[in-house]
């Protein structure tokens, strides 16, 4: 079997991580044949590290149409994700795209259509889907261990970032450059798991704070309240300026409660359905019996999830391996974060799916009326290999 | 010193608990001289247990004006709390009133005025204020261990109650009879601590579910989001139908985070102010140092808090002992729960203090338009001595 030929578009922080997996020989069934960046310094500093055969491009379309790649990894700023992905699909290429799927769902919907039409392997880089703790929780929910879900709460306030982080790039944390704050940069991982495990909510009511504890234009803190079709409710809280933050997922259902915290899963399992218990109980203060169960899982949080996602995508393209994070699902977490912004901007409930034209117009308004000037910008590449939740 | 002469008004579930402390000789500086209940069966069943000298009354005003009491304990349904307290203050009596302070703040404000005018010892029976865990957390906050508070979250979903509980009294969990659901019956304890420890919020946005998982007219589940003057945010979640529920209080501040759960207090203490750290940090992914501290406290959760609250009130009346839960503060937790209802009813933000006439009118509307008919009502006295958080 021939190896898949892969090009990397964008060799900033995330692109460099992907690139290193190829350089380190971790990608078994693919070879890196092209790299691209609009920043020439960043691009050509890599020249010495590759054989002559690797193509260097300053423009994504040149790489896409070069004929020397079967698939591309997109690691550009967020706005360009769906634009470049559409070009790639239209050229018949496989796509592994960094999260988020894009900045606004309207464009991501176009990307999904192009992907569907192309039939190519399409993955969004939700690396946390490889984490066995969350895979286990998803499996328990899918196996109906909890019964009907009543409540899902994620306190994920441990995405600590300093002002220096925001000052590391002029595009960072601006409406024009990044299109959002922590919901669009760090939280897509948990927002994806939130909907992957708990399903898509029916509507949201949320509060964001823009530049509350960091000098940025976008949100550094958000709290969202969700309602679901089955009557369940959800709460999601995040912040970049609390230390030490919390990472606690709690899912309550008819058969008890699952709590994930400190990389442990605890299942408080009732021996009967709460609904049945309540129906048959004659004493006002009786309670069901519940067992505190420590749920084992093969802790792989130290594994290289970036490598795993690339190999999975390559194998999906070459031999139909099941994708860990099918690209089409990337729109879900983005729909949630867009909905949270819209709820804040309009100060009202937002039903899913919301009016995508309205969101787009509001976002343009934020960009066009922006008078935010970033101070102390120091353009640097950050060493991020150990900074995210794997 | 003469003993204080105390009358108990209402000898249902809570009144019986107070009464037992007198019968068991636990109240050192007071004697029970009168009891009152509008339910004659409930009242006169007690006749044999007291000396002839104890007065029996079928009407609270007869007891108040009997001349045989210096103070009263009010343990009637909620609506009557401020009405009877006002009568008592006007007659120059000390008052220990069950929580909540009342059903709507407008009336409670009148009660507070009557109390102030009388100058008598006035306590609301917030027994959880005697709990050393919460006293410790309050002390830590007051001592500024956390610095500026950023976020306060209480998941208190362990107020499990079955339908049988709600069927134990026709007045229970109706707008006309009780004036609210779990926010007014079980949660006043935590809502009081929430404001006692974290201060009063500036505004609230909340969602309640009325009769979601129990056949009742009022809320069995609520989620509220708060904003504070200093920029902090708060989230409060409660439910009566989840098992096993959660009781987790988390307070994040500039100097770390306090977590109360499983009757343990953990303080994650940063060695520097987060704000200072952020200001002086040059690396985007650096983090402050934080120490995980187990905070000791003398666990008194098994103590008899009811007894403690009565003795404290008696001693305040007789010798000026500092009240554990000054009655004037009862309006705060009620303002929060009223605000939560108003936010749900109007589907909007509610600023504190809100329009109390509007709230009163809305409540009357709920009562007057109610078509709720309780099924399977079985009027019983419940044994509640071990059912609440002490």
Checklist line | Top-ranked residue of the range B:188-208 - restricted to ones that are closer than 24 Å to residue B:361 by Cβ and surrounded by 19 or more Cβ atoms within 10 Å (Cβ to Cβ), ranked as nearest to the chain's Cα centre (by Cα) | finding: B:188
Checklist line | Counted residues, the range B:279-303 - those being within 9 Å of chain A (Cβ to nearest Cβ) and in a loop (DSSP other than H, G, I, E, B) | finding: 8
Notebook entry, point to check: Does the range A:221-232 hold any residues that are away from chain B (no Cβ under 11 Å) and touching a strand residue (DSSP E or B) at 6+ places or on another chain (Cβ under 9 Å), and which are they?
Noted result: A:228, A:230
Next item on the list: Determine which single condition residue B:368 fails, assuming it passes every other condition in (1) within 14 Å of chain A (Cβ to nearest Cβ); (2) surrounded by fewer than 14 Cβ atoms within 10 Å (Cβ to Cβ); (3) modelled with pLDDT of 95 or more.
Entry: (1)
Margin query: For the range B:97-113, which positions are outside any helix (DSSP H, G or I) and over 13 Å from the mean Cα position of the chain (by Cα)?
Written below: B:104
Next item on the list: Among the residues of the range A:241-258, write down those that are within 10 Å of another protein chain (Cβ to nearest Cβ) and closer than 27 Å to residue B:253 by Cα.
Entry: A:241, A:242, A:243, A:244, A:245, A:246, A:248, A:250
Next item on the list: Search the range A:114-143 for residues being outside any helix (DSSP H, G or I) and out of contact with any strand residue (DSSP E or B) (no Cβ under 9 Å at 6 or more places or on another chain), and hand back the single one that is nearest to residue A:100 (Cα to Cα).
Entry: A:126
Next item on the list: Would you please name the residue that is farthest from the other protein chains (Cβ to nearest Cβ), looking only at residues in the range B:345-365 that are assigned to a helix (DSSP H, G or I) and within 21 Å of the chain's Cα centre (by Cα)?
Entry: B:360
Notebook entry, point to check: Which ones in the range A:1-13 are at pLDDT below 95 and within 12 Å of residue A:75 (Cβ to Cβ)?
Noted result: A:12, A:13
Notebook entry, point to check: Could you list, in sequence order, the residues of the range B:144-188 that are closer than 22 Å to residue B:309 by Cα, away from chain A (no Cβ under 14 Å) and assigned to a loop (DSSP other than H, G, I, E, B)?
Noted result: B:187
Check: Of B:249, B:191, which residue is modelled with pLDDT of 95 or more, under 30 Å from residue B:162 (Cα atoms) and touching a strand residue (DSSP E or B) at 6+ places or on another chain (Cβ under 6 Å)?
Finding: B:249
Notebook entry, point to check: residue B:267 fails exactly one of the following numbered conditions: (1) more than 7 Å from chain A (Cβ to nearest Cβ); (2) without any contact (Cβ under 8 Å) to a residue 60 or more places away in the chain. What is the number of that condition?
Noted result: (2)
Check: Just checking, how many residues over the range A:147-162 are in contact with a helix residue (DSSP H, G or I) (Cβ under 7 Å, 6 or more places away or on another chain) and touching a residue at least 60 places away in the same chain (Cβ under 8 Å)?
Finding: 5
Next item on the list: Kindly indicate the residue of the range A:45-78 that is modelled with pLDDT under 95 and over 28 Å from residue A:186 (Cα atoms) and also surrounded by the most Cβ atoms within 10 Å (Cβ to Cβ) among those meeting that condition.
Entry: A:50
Item checked: Top-ranked residue of the range B:116-127 - restricted to ones that are farther than 15 Å from residue B:18 by Cβ and crowded, with 23+ Cβ neighbours inside 10 Å, ranked as farthest from the chain's Cα centre (by Cα) -> B:121
Note to self: As an exercise: evaluate residue A:212 against (1) within 12 Å of another protein chain (Cβ to nearest Cβ); (2) part of a loop (DSSP other than H, G, I, E, B); (3) in contact (Cβ under 8 Å) with a residue 60 or more places away in the chain and give the number of the one condition it does not meet.
What the structure shows: (3)
Item checked: Residue list for the range A:296-310, restricted to those being buried (at least 19 other Cβ atoms within 10 Å of the Cβ) and either touching a strand residue (DSSP E or B) at 6+ places or on another chain (Cβ under 9 Å) or free of Cβ contacts under 8 Å to residues at least 24 places away in the same chain (or both) -> A:309, A:310
Next item on the list: Could you check how many residues of the range B:7-53 are more than 22 Å from the chain's Cα centre (by Cα) and assigned to a strand (DSSP E or B)?
Entry: 7
Margin query: If I ask for residues that are touching a residue at least 24 places away in the same chain (Cβ under 8 Å), within 14 Å of chain A (Cβ to nearest Cβ) and either in a strand (DSSP E or B) or touching a helix residue (DSSP H, G or I) at 6+ places or on another chain (Cβ under 9 Å) (or both), which ones from the range B:189-209 would you list?
Written below: B:201, B:203, B:204, B:205, B:206, B:207, B:208
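The values are calculated or read from the model by the stated rules, or taken from the named source; none is laboratory data. Since the structure is predicted, the reported quantities are computational estimates derived from the model, not experimental observations. Note that we place each Cβ from the backbone using ideal geometry, even for glycine, and neighbour counts take in every protein chain shown.
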